[in-house]
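Worksheet: the structure to be examined is printed underneath.
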Amino acid sequence: MERASAATESEREPEEPGWEVDPEDEQGAAIVAFVGRQLRVRREAAGMRAADFGAAMGYGEGLVYKVESGKRIPRPEYLDRADEILGAGGCVAAMKEDVAEARYPKKVRALARMEAKAVVLQWYGAHDIHGLLQTKEYMRALFEMRQPAHDEPEIERGVAARLSRQAIFSRCPAPALSFVLEEVALRRPLGGRMVLRRQLERLLEIGQLRAVSLQVMPTGREEHAGVDGSIEMLKFRDGSAVGRSPGVAGGRPVEEPKQLRVLELRYGMIRAQALPPRESLAFIEQLLGET
């Protein structure tokens, strides 16, 4: 009975939501399956049973099998630990970049890849808060409000992927990040008052970063260059850029210099019309006190 109890306990490894493989994402599933096969081959070559490997890793045997069969996306620390135990010399840990790709839903994978390479990001939101600025609770509230309704695994994947993109703030050297948010987006209590309070607190934290410029567009402004909708521009080290806005090319990503100049002009005017960064942080702090 004691042996059976121990076996049962070994199967109870914590499984944080958001690390399941999306069955509809063929590319992501293929990446995870490849990584899983590599782990199994190296484990077997080391003469380790799954149970022994799991014990050394600090995980249950069940999770080991799920990772090796491509049913579970391994966390970065899982790969680091596996590399150490298997004596892989960095070969297993190096697969973290491939696995990170699989975590992003297919529709945002290209965006995440571009954000990771950008040296400048400029964004104006007509009615929302950029995903890079959102708290986990705020993200979840947004995903839960979408229609048609998302199921729980889909919500968890979306939240996990969006959180992963926030690694941009810890890049070195840091990219230059500029955000302009509408006052109305900062007042709308999506998810409830406490969720909004934490979101405003998060904005104040991010706004203190030296590489970040955070501005607020007051609702009372009589002139506004953002009437054609949101704007997002990414600029890269080689001088190339890509931008997107509903008012240009039907919202499709554009790379042509003429169209990019239009977006640059509009974004520059929006920044000039918005509150300066220091006044914007004071404004957000005032909103926090009112919430």
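Observations, loosely collected:
- Of the residues making up segment 234-258, just one is surrounded by 17 or more Cβ atoms within 10 Å (Cβ to Cβ) and more than 15 Å from Gln122 (Cα to Cα), namely Val248.
- Condition check for Leu177: farther than 25 Å from Ala100 by Cα and touching a residue at least 12 places away in the same chain (Cβ under 8 Å): no
- The lone exception for Glu232 - which of (1) modelled with pLDDT of 95 or more; (2) farther than 14 Å from Leu181 by Cα; (3) among the acidic types (Asp, Glu) it fails: (2)
- Total residues in segment 139-164, condition surrounded by fewer than 19 Cβ atoms within 10 Å (Cβ to Cβ), in a helix (DSSP H, G or I) and either not assigned by TED's automatic domain parsing to the domain that holds Leu209 or not hydrophobic (A, V, I, L, M, F, W, C) (or both): 7
- Exclusive hit being without any contact (Cβ under 8 Å) to a residue 60 or more places away in the chain and either among the β-branched types (Val, Ile, Thr) or at negative phi (or both), set Ala82, Ala126, Ala102, Ala118: Ala82
- Total residues in segment 31-51 satisfying the condition of being within 15 Å of Gly87 (Cα to Cα) and of a type outside the set (A, V, I, L, M): the figure is 6.
- Unmet criterion (only one of (1) modelled with pLDDT under 90; (2) of a type in the set (A, V, I, L, M, F, W, C); (3) in contact with a strand residue (DSSP E or B) (Cβ under 6 Å, 6 or more places away or on another chain)) for Leu121: (1)
- Residues satisfying the stated conditions in segment 129-154, i.e. touching a residue at least 60 places away in the same chain (Cβ under 8 Å) and among the polar types (S, T, N, Q): Gln134, Thr135
- Taking the numbered list (1) under 22 Å from Ala112 (Cβ atoms); (2) at pLDDT 95 or above in turn, Gly251 passes all entries but (2).
- Residue in segment 75-88 that is outside the structural domain of Pro253 (by TED's automatic domain parsing), crowded, with 20+ Cβ neighbours inside 10 Å and in contact with a Gly (Cβ under 9 Å, 6 or more places away or on another chain) present: yes
- Verdict on Ile284 being within 20 Å of Arg210 (Cβ to Cβ), crowded, with 17+ Cβ neighbours inside 10 Å, under 25 Å from the mean Cα position of the chain (by Cα) and not charged (D, E, K, R): yes
- Qualifying residues in segment 19-56 (those that are within 13 Å of Val67 (Cα to Cα) and touching a residue at least 60 places away in the same chain (Cβ under 8 Å)) - the one surrounded by the most Cβ atoms within 10 Å (Cβ to Cβ): Val32
- Selection of segment 54-79 for residues being within 19 Å of Ala29 (Cα to Cα) and part of a loop (DSSP other than H, G, I, E, B) yields Ser69, Gly70, Lys71, Ile73, Pro74, Arg75.
The values are calculated or read from the model by the stated rules, or taken from the named source; none is laboratory data. These numbers were taken from a predicted model, which means no experiment stands behind them. All Cβ positions, glycine included, derive from the backbone under ideal geometry; neighbour counts span all protein chains shown.
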